[in-house]
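Visitor: Structure incoming, see below.
The values are calculated or read from the model by the stated rules, or taken from the named source; none is laboratory data. Predicted model only: the values in this text are computed from it and were never measured. Reconstructed Cβ throughout: ideal geometry from the backbone, glycine too, with neighbour counts over all protein chains shown.
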Amino acid sequence: MINAKSEFDWSVAMRQFLLAAVMFGAVSTAHAADLPFLRGGFSDGLTKTTTNWQGFYAGAQGGLGTTDMDFTNTTSTLVQRLLFNTAILSDGGLATWPMNTPTSVHGNGYGAFAGYNWQWDDVVVGLELNYMHGKFGGSQTVEQTRNFTDGTGAQDFVTYQSTAKVNLTDLGSLRARAGYAMGVFLPYAFGGVALGQADIVRTARVFGTQIDPTTKQAFPFDVQATDAQNSKYVNGYVGGLGMDVMLMACLFLRAEWEFAHYTPVIPTTVNTVRVGLGYKF
């Protein structure tokens, strides 16, 4: 009797334990289904989310830049016209004197941008109009003094002063962009046509004294020529890299580097680092 009762108690205890385990499992499963971090946690955790970049966008920007200007011998054509058919030019060789050098000047500006993106999965391409207004450019003045005897026998003491200036006030570009979306990040590269408005001024001044070989009388001279092109439209090409970051809804932050090369009388290159805030419609 004792053994039969023990077997009966053990059997009942096992059934009660199994029933409790099944009920606990059912409750646990139902509770897990209500927890978002457990429901499909592994599969949903591996699902990639792509930000929608397609559509029109516009924004404002500001930046700092460095303007590189090659002023080398930029006034040689002016001095040739200024001293045409003179012994000082032909015998002194002023047009070949090494005048001016490349120089770099820092500047800053602000502006806006607008464009349209097309998107296929993670690939984003687009067209954009970009504009900056500011102060980019600089000036340089150098001079040399030499003395020589020209073909007439006169002794010439000559100072050649050369001044060149570039002032870029408006920088614009029409760009083609290509990027790859990575979550809220959109790194991109771009290239296109550069347009700008600049004041370009070149001045050649030649002064000194010429001594007559016969009378030994000194004749001072001081002549100059200026070529000023104000508000001149210049063109070239642009290229660069950037990153757009979607902050919230349709608001995004931008950071980029742009290289722009212009080819007026004085070759000019502007490198700018920019930050901006945009809105995608």
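Visitor: Say whether the condition of being closer than 30 Å to Ala154 by Cβ, assigned by TED's automatic domain parsing to the domain that holds Val166 and either among the polar types (S, T, N, Q) or in contact with a helix residue (DSSP H, G or I) (Cβ under 8 Å, 6 or more places away or on another chain) (or both) is met by at least one residue in segment 108-123.
Guide: No, there is no match, as no residue in segment 108-123 is closer than 30 Å to Ala154 by Cβ, assigned by TED's automatic domain parsing to the domain that holds Val166 and either among the polar types (S, T, N, Q) or in contact with a helix residue (DSSP H, G or I) (Cβ under 8 Å, 6 or more places away or on another chain) (or both).
Visitor: For residues that are in contact with a strand residue (DSSP E or B) (Cβ under 6 Å, 6 or more places away or on another chain) and either assigned to a helix (DSSP H, G or I) or farther than 27 Å from Leu168 by Cα (or both), tally how many sit in segment 82-108.
Guide: The number of residues fulfilling the criteria is 5.
Visitor: Enumerate the pairs (first residue in segment 169-191 and in contact (Cβ under 8 Å) with a residue 60 or more places away in the chain; second residue anywhere and hydrophobic (A, V, I, L, M, F, W, C) and part of a loop (DSSP other than H, G, I, E, B)) with beta-carbon separation below 7 Å, excluding pairs fewer than 6 apart on the same chain, so at least 6 apart or on different chains.
Guide: As it stands, the answer is Ala181/Trp53; Leu186/Trp53, since those pairs meet every condition given.
Visitor: So which residues in segment 237-281 are at pLDDT 95 or above and of a type in the set (Gly, Ala, Ser), if there are any at all?
Guide: Matches in segment 237-281: Gly239, Gly240, Gly242, Ala255, Ala260, Gly276, Gly278.
Visitor: Give the residues of segment 259-277 that are crowded, with 17+ Cβ neighbours inside 10 Å, assigned to a strand (DSSP E or B) and more than 11 Å from the chain's Cα centre (by Cα), sorted by residue number.
Guide: Hits for segment 259-277 are Tyr262, Thr268, Gly276.
Table: residues versus (1) polar (S, T, N, Q); (2) in the same structural domain as Val124 (by TED's automatic domain parsing); (3) closer than 22 Å to Leu78 by Cβ; (4) out of contact with any Cys (no Cβ under 7 Å at 6 or more places or on another chain).
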| site | (1), (2), (3), (4) |
| --- | --- |
| Arg205 | no, yes, yes, yes |
| Gly208 | no, yes, yes, yes |
| Asp212 | no, yes, no, yes |
| Gln229 | yes, yes, yes, yes |
| Val238 | no, yes, no, yes |
| Glu258 | no, yes, no, yes |
| Tyr262 | no, yes, yes, yes |
| Thr268 | yes, yes, yes, yes |
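Visitor: Tell me, yes or no, whether segment 69-87 has at least one residue that is touching a Gly at 6+ places or on another chain (Cβ under 8 Å) and either surrounded by 15 or more Cβ atoms within 10 Å (Cβ to Cβ) or modelled with pLDDT under 95 (or both).
Guide: Within segment 69-87 (the criterion being touching a Gly at 6+ places or on another chain (Cβ under 8 Å) and either surrounded by 15 or more Cβ atoms within 10 Å (Cβ to Cβ) or modelled with pLDDT under 95 (or both)), the answer is yes, since at least one residue qualifies.
For (1) touching a Ser or Thr at 6+ places or on another chain (Cβ under 6 Å); (2) without any contact (Cβ under 8 Å) to a residue 12 or more places away in the chain; (3) part of a strand (DSSP E or B); (4) surrounded by fewer than 16 Cβ atoms within 10 Å (Cβ to Cβ), each residue gets a yes or a no:
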site	(1), (2), (3), (4)
Arg202	yes, no, yes, no
Phe207	yes, no, yes, no
Gln210	no, no, yes, no
Thr215	no, yes, no, yes
Pro220	yes, no, yes, yes
Lys232	no, no, yes, yes
Asn235	no, no, yes, yes
Val238	yes, no, yes, no
Asp244	no, no, yes, no
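Visitor: Now a separate question. Scan segment 149-169 and give yes if some residue there is exposed (fewer than 15 other Cβ atoms within 10 Å of the Cβ), within 17 Å of the chain's Cα centre (by Cα) and either within 26 Å of Ile266 (Cβ to Cβ) or outside the structural domain of Ile88 (by TED's automatic domain parsing) (or both), otherwise no.
Guide: no
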